[in-house]
1. All but one of (1) out of contact with any Asp or Glu (no Cβ under 8 Å at 6 or more places or on another chain); (2) surrounded by fewer than 14 Cβ atoms within 10 Å (Cβ to Cβ); (3) farther than 30 Å from A:GLU185 by Cβ hold for A:SER2; state the number of the condition that does not hold.
2. Return a yes/no flag: does segment B:25-35 have any residue that is assigned to a helix (DSSP H, G or I), modelled with pLDDT of 90 or more, closer than 30 Å to B:PRO148 by Cβ and touching a Phe, Trp or Tyr at 6+ places or on another chain (Cβ under 9 Å).
3. Those residues that are away from chain A (no Cβ under 14 Å) and crowded, with 20+ Cβ neighbours inside 10 Å, I need them from segment B:95-105; list them, please.
4. Every residue in segment B:183-222 that is among the hydroxyl-bearing types (Ser, Thr, Tyr) and within 30 Å of B:PRO148 (Cβ to Cβ), please.
5. Considering only residues of segment B:106-124 that are at pLDDT 95 or above and hydrophobic (A, V, I, L, M, F, W, C), which is surrounded by the fewest Cβ atoms within 10 Å (Cβ to Cβ)?
6. Given the conditions (1) within 8 Å of chain A (Cβ to nearest Cβ); (2) within 17 Å of the chain's Cα centre (by Cα); (3) not charged (D, E, K, R), which single one is not true for B:TYR84?
7. Can we say B:GLY185 is crowded, with 17+ Cβ neighbours inside 10 Å and either on the phi > 0 side of the Ramachandran plot or within 14 Å of chain A (Cβ to nearest Cβ) (or both)?
Amino acid sequence: MSHKRLIWEEISQLAVQLARDSAAETPEIARIAEHLGRLARVQFKANALQEATLERQREAITALRETTARQEETISMLQRNHHKDIELARHDLVLAILPVLDGLEATLHNANQQLGHLAEGSEARRMLSAWVEGLWLVYQRLMDVLAQVDVVPIPAVGQPFDPHLHIAVGIDRSGRAPEGVIVAEERRGYRMRNSILRYADVIVSRSVPFSSQPPTVSEKERVRGTVVTADRIPE
Amino acid sequence: MDDPIIGIDLGTTYSAAAIVEDGQPRLLTRDGERLLPSVVGLSPQGKWLVGTPARNQFVFAPENTVRSIKRMMGSAERITLGHYTLTPPQISAFILHEIKSIAEANLRCSVRRAVITVPAYFSDAQRHATRNAGEIAGLEVVRIINEPTAAALAYGLNRTEDQLVLVYDLGGGTFDCSLIELVAGVVEVRASHGDTWLGGDDFDLRLAEHITRIFANRHGVL
């Protein structure tokens with residue numbers, strides 16, 4: 001019970017006591033005291049009602065705050081999912097576009113080769129050259145669109161082979177490049193922000209011969225190398 | 001999630017992990033990839049590679065790349081990678097450790113316990129080697145389950161009537177067929193057989209050879 005209600009409870013009791021004590025000698029005071037007692041009880045009830053109302057308001061505010069927090073959490077989750085869905089859709093779309101890009105690159109490559117076979121200044125060469133130029137612009141435009149969604153080609157030729165970016169699909173033993181350097185790109189790779197959309201298929205320079213056998217030796221043949229204890233994996 | 005137990009399919013060519021949520025298994029992914037190539041390698045820079053990067057370097061550095069280690073589990077073979085000589089469980093432990101990391105990233109908690117599946121025909125030595133691999137990877141292997149049994153459980157067959165079920169498991173590198181009996185919710189493998197050198201990779205290879213032959217005949221190349 002609140003302090004205010006206690007005071008009115010006490011006034012009510014005092015008024016009842018006063019009315020009882022003074023009833024015989026001073027009936028006027030007794031009536032006033034009785035009236036005061038009634039007023040005190042009414043005030044007591046009013047206070048109780050107000051407190052109950054305040055309590056209900058507090059509960060309603062708490063419930064509202066909880067609902068708002070849940071709503072915000074739901075909105076945040078929906079936004080995250082929405083963002084993920086967009087990323088996934090974009091990822092799938094870009095993946096589907098990559099073979100088109102491969103086709104365009106192959107076409108440009110072949111057309112450039114054909115240009116080399118045509119006589120300088122010939123009508124055929126002039127027409128093909130214009131066509132290649134147009135196609136090159138289309139290709140560049142597509143690359144610009146992809147760059148806008150953070151899709152960029154993975155550097156390959158001349159770079160050291162990196163298994164986190166490239167797939168070795170062949171080796172080159174000509175010695176024209178240092179060991180482990182990429183000498184040719186079979187299929188271009190692309191990355192989208194920090195993730196790999198498609199690894200680059202590459203040919204890597206390698207002059208050091210290797211065994212065609214899998215890297216396995218029998219127990220008896222185990223004579224070289226560092227023996228790692230059986231209860232852990234090496235760092 | 002407190003102290004979850006993950007399920008691991010430690011496959012010959014690919015491995016995968018899953019968690020059961022609300023009675024339903026959910027595969028744990030990384031960058032949208034649900035399967036981890038069961039390949040371990042040592043890069044030219046001396047860094048350990050597990051999964052796709054290891055597979056990517058196979059053609060360039062086959063002597064430093066191990067595939068299909070599952071076929072050697074339980075044997076006395078040793079694998080030499082650079083200056084390291086490793087046992088099959090140690091190689092498998094790399095894969096399991098990577099799976100543990102994937103699971104922890106997905107579940108956002110530490111993962112210490114796992115159930116690992118093995119072929120029904122695996123011997124005690126092979127099962128022990130698998131358990132050992134899990135322990136090396138920092139996992140408590142709470143149970144080793146037969147792969148066909150796990151498949152039956154995943155399909156909820158133990159919750160239906162008693163029956164005999166044929167489980168057909170065509171993986172990347174192996175093929176098995178198992179006859180399992182389900183009685184009063186208990187799953188028992190009655191028979192299991194297969195070919196440990198036949199899988200989807202062989203189908204791919206045959207298709208590639210076939211297409212190459214057609215291309216060569218049609219265009220007169222190669």
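The values are calculated or read from the model by the stated rules, or taken from the named source; none is laboratory data. Everything numeric here is computed off the predicted structure, so don't read it as measured data. Because the Cβ atoms are built from the backbone with ideal geometry, glycine has one as well, and the counts that use them run over all protein chains shown.
1. Evaluating A:SER2 over (1) out of contact with any Asp or Glu (no Cβ under 8 Å at 6 or more places or on another chain); (2) surrounded by fewer than 14 Cβ atoms within 10 Å (Cβ to Cβ); (3) farther than 30 Å from A:GLU185 by Cβ leaves (1) as the failure.
2. No; the residues of segment B:25-35 include none that is assigned to a helix (DSSP H, G or I), modelled with pLDDT of 90 or more, closer than 30 Å to B:PRO148 by Cβ and touching a Phe, Trp or Tyr at 6+ places or on another chain (Cβ under 9 Å).
3. Hits for segment B:95-105 are B:ILE102, B:ALA103.
4. Of everything in segment B:183-222, those that are among the hydroxyl-bearing types (Ser, Thr, Tyr) and within 30 Å of B:PRO148 (Cβ to Cβ) turn out to be B:SER192, B:THR196.
5. Checking each candidate, the answer is B:VAL115.
6. Against the list (1) within 8 Å of chain A (Cβ to nearest Cβ); (2) within 17 Å of the chain's Cα centre (by Cα); (3) not charged (D, E, K, R), B:TYR84 comes up short only on (2).
7. In short, no.
So that you can scan it fast, the table gives a plain yes or no per residue for (1) part of a strand (DSSP E or B); (2) under 30 Å from B:SER75 (Cβ atoms); (3) at pLDDT below 95; (4) more than 10 Å from every other protein chain (Cβ to nearest Cβ):
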{"site": "A:GLY121", "(1), (2), (3), (4)": "no, no, yes, yes"}
{"site": "A:ALA177", "(1), (2), (3), (4)": "no, no, yes, yes"}
{"site": "A:GLU186", "(1), (2), (3), (4)": "yes, no, yes, yes"}
{"site": "A:ILE203", "(1), (2), (3), (4)": "yes, no, no, no"}
{"site": "A:VAL208", "(1), (2), (3), (4)": "no, yes, yes, no"}
{"site": "A:PRO214", "(1), (2), (3), (4)": "no, yes, yes, no"}
{"site": "A:ASP231", "(1), (2), (3), (4)": "no, yes, yes, no"}
